[in-house]
Amino acid sequence: QVQLVESGGGLVQPGGSLRLSCAASRSIFSIRTMGWYRQASGKQRELVADITSSGSPSHADSVKGRFTISRDNAKNTVYLQMNSLEPDDTAVYYCNALYDRKFYWGQGTQVTVSS
């Protein structure tokens, strides 16, 4: 099993930045893919970005050039650096891990972009 704990959400003004962190309970070397999803109120959960165990990242078109996913294997942590935030980025952000053919989720962290 994998436990995931997110942190770093909060309230930020449009154009601002936040960095989300996702700490895993086991070595992320063994986790095939880790990613960030988000779910805005009244909308379906959507993939924001993911990164493979070999470090290959992928980002949704809506966040390309603004968000960057990365991983620190020594800390068993995956990050999501979010720059140039927009009101449409407001959502609960969830960390996700694909391990042993199962998906695991964190509890989510709220990101609110508002002036």
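The values are calculated or read from the model by the stated rules, or taken from the named source; none is laboratory data. What you see is a predicted model, and the numbers here were worked out from it, not measured in a lab. Accessible surface areas use protein heavy atoms only, side chains included; no ligands, DNA or RNA. Shrake-Rupley method; radii C 1.70, N 1.55, O 1.52, S 1.80 Å.
Details
- Top of GLN44, GLN13, GLN81 by mean-square fluctuation, Gaussian network on the chain, Cα under 10 Å: GLN44
- Here the contact order of the chain, divided by its residue count and restricted to Cα pairs under 8 Å and six or more residues apart, works out to 37 percent.
- Annotation: amide H-H contacts under 5 Å for ARG71 (H modelled 1.01 Å from N, sequence separation of 5 or more, or interchain): TYR79.
- Probing with 1.4 Å while keeping every protein chain in the model, the per residue accessible area of the chain equals 54 Å².
- Counting only aspartates and glutamates at least 8 places from LYS75 when in the same chain, those with an alpha carbon closer than 19 Å to its own are GLU6, ASP50.
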